[in-house]
Amino acid sequence: MRQSCGQRTFDGWLKPLVLSGCDLAASEVRLAAPSAFLANWVQTHFAEQLAAAWRAALPAIARVVVESKPDATGRMTFTADPEPAAPAEAPPVEINGSTLEARYTFDAFVVGKANELAYNAGRTLAEGGRVAFNPLFLHGGVGLGKTHLMHAIGHEYRARHASAKVIYMSAEKFMYEFVAAMRAKDTHSFKARLRTADLLMIDDVQFIAGKESTQEEFFHTMNELISAGRRLVISADRSPQNLEGIENRILSRLSWGLVADVNAADFELRYNIILKKLESLPSAIVPNEVVMFLAKRISASIRELEGALHRVLAFATLSNRAIDLDFTQEALADQLRASQRRVTIDEIQRRVCEHFRIRQSEMGSARRARDVARPRQIAMYLAKQLTQRSLPEIGRRFGGRDHTTVIHAVRKIEELRAADAEIDADVRLLMRQLES
Ligand code: ADP
Ligand code: MG
């Protein structure tokens, strides 16, 4: 099939199929597709060809039936592939052995309220004059643009300082290389390499939290770089104070610099990002209402937003259909369903604290005063209602409380909602905000 219909068509439509059954008595082979849309499409366009291919191997087969099985996980390569039809792109840039994605530049980065602090800090650092802050610590949820920003800093710094040594690596790679160097009894050259960097960037340091020897090395390297006036950029999926298992002295060192958060994008930023991505795809005709729809509905992360856009474009190219709202909804049916109920405990805590104007640290504190205990109970209640987390896990996220405390909170808020209209209104409002 790959040969007869081409790699692209094969990858888009046929590769995601899995064998779900074979009924020789009925001369039938059943294949499962990850979505109804895909199943339909394959059934109407490829059923004959598929049957012929099966017959070539198993003459008893008369028919191929394609059914939709969203749960046939594991091998659903189509949905797992975030960018099915990513346009041909410039190859990554290799700088001192670190690979920087060519498309992750400042120009390609859309600035909005959610990321302007991080963006401005990154730009300032990359421009290379005197900076008042070092290191720069970027933190924020997955898929919000931290890695993109770091690569952009690398490109820009390099463009301005041709001979500068720029090193970018994931914390995992840092750890891996460090451990490998230890095994080979040659940590010296590893250290030497990092310590001569003019700009060192370590991505996703939450991965080295709790790994003592790596942390130690990381700390020394950091210290030396900072003392020598070299630039350091670090990212993590949470703020320094919320990194567990990182030693205090490292934390305080990290906090000396600038800690900039990258927040979830609001509608406007998501909208602008889609427009920006479309600029580089002039042949794609996407009506404004579709752009609005995507920006409104795919809100969890920019990575998902990009994935959705690429998916719509890929479906449209492969099926030769115009992109309109109906088509978009069809193409994204599974993703839209999944993105509807993805609320994190972190988001819940943040919203609840904003709503009741208390500090987020109160979510985990031991204080029992009503003005913090009640919001905390509401947040636990919402965590139970809106996420799939278990009671013990919810308890852990609220300052390591016991699951019975969570049960108590859930019951209490249920009672209060029935008895107290004001509390009920608060909870409703929060639910609406969190689910939109
Ligand atoms: P993180 O490292 O925070 O998990 P990434 O930097 O990998 O996120 O970003 C995920 C995707 O979203 C990337 O393809 C990136 O180009 C894109 N992206 C994120 N933020 C922006 C933005 N502000 N403008 C343009 N693209 C963005
Ligand atoms: Mg990243």
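The values are calculated or read from the model by the stated rules, or taken from the named source; none is laboratory data. From a predicted model like this one, the values you see are computed outputs, not experimental measurements. Ideal geometry is used to build each Cβ from the backbone, glycine not excepted, and the neighbour counts take in all protein chains shown. The area values use the complete protein model at the heavy-atom level, side chains included, leaving out ligands, DNA and RNA. Shrake-Rupley method; radii C 1.70, N 1.55, O 1.52, S 1.80 Å.
On inspection, Ser170 qualifies as within 16 Å of ligand 2 (Cβ to nearest atom) and over 17 Å from Ala192 (Cα atoms).
Okay, residues lined up against (1) crowded, with 17+ Cβ neighbours inside 10 Å; (2) at pLDDT below 75:
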position: Ala33; (1), (2): yes, no
position: Ala47; (1), (2): no, no
position: Ala56; (1), (2): no, no
position: Ile61; (1), (2): yes, no
position: Thr79; (1), (2): yes, yes
position: Ala90; (1), (2): no, yes
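Suppose we filter Ser239, Ser227 for residues that are within 25 Å of Ala126 (Cβ to Cβ), within 16 Å of ligand 1 (Cβ to nearest atom) and not aliphatic (A, V, I, L, M); which single one remains?
On inspection, the qualifying residue turns out to be Ser239.
Would you confirm whether or not the stretch 126-143 contains a residue that is among the β-branched types (Val, Ile, Thr) and within 16 Å of ligand 2 (Cβ to nearest atom)? Scanning the stretch 126-143 turns up at least one residue that is among the β-branched types (Val, Ile, Thr) and within 16 Å of ligand 2 (Cβ to nearest atom). Within the stretch 304-315, the set of residues being aliphatic (A, V, I, L, M) and either touching a residue at least 60 places away in the same chain (Cβ under 8 Å) or open to solvent by 10 Å² or more (accessible area, probe 1.4 Å) (or both) comprises Leu313, Ala314. For the subset of the stretch 229-244 comprising residues that are over 20 Å from Glu172 (Cα atoms) and modelled with pLDDT under 85, which member is farthest from the chain's Cα centre (by Cα)? So, considering only residues that are over 20 Å from Glu172 (Cα atoms) and modelled with pLDDT under 85, the one farthest from the chain's Cα centre (by Cα) is Gly229.
Regarding the stretch 189-209, can at least one residue be identified that is modelled with pLDDT under 80 and either more than 16 Å from ligand 2 (Cβ to nearest atom) or outside any helix (DSSP H, G or I) (or both)?
Yes, the stretch 189-209 contains at least one residue that is modelled with pLDDT under 80 and either more than 16 Å from ligand 2 (Cβ to nearest atom) or outside any helix (DSSP H, G or I) (or both).
Here Ala164, Ala197, Ala159, Ala209 are screened, and the one residue that is more than 27 Å from Arg238 (Cβ to Cβ), in the same structural domain as Val131 (by TED's automatic domain parsing), among the hydrophobic types (A, V, I, L, M, F, W, C) and open to solvent by less than 70 Å² (accessible area, probe 1.4 Å) is Ala164.
Criterion applied to Gly154, Gly112, Gly140, Gly122 was being open to solvent by less than 20 Å² (accessible area, probe 1.4 Å), within 16 Å of ligand 1 (Cβ to nearest atom) and in contact with a Lys or Arg (Cβ under 7 Å, 6 or more places away or on another chain), and the one residue passing it is Gly140. Checking each residue in the stretch 357-382 for being touching a residue at least 24 places away in the same chain (Cβ under 8 Å) and not charged (D, E, K, R) picks out Met363, Gly364, Ser365, Ala366, Gln377, Ile378, Ala379, Met380, Tyr381, Leu382.
Filtered by the rule that a residue be farther than 14 Å from Phe207 by Cα and surrounded by fewer than 20 Cβ atoms within 10 Å (Cβ to Cβ), the stretch 167-176 gives a lone residue, Ile167.
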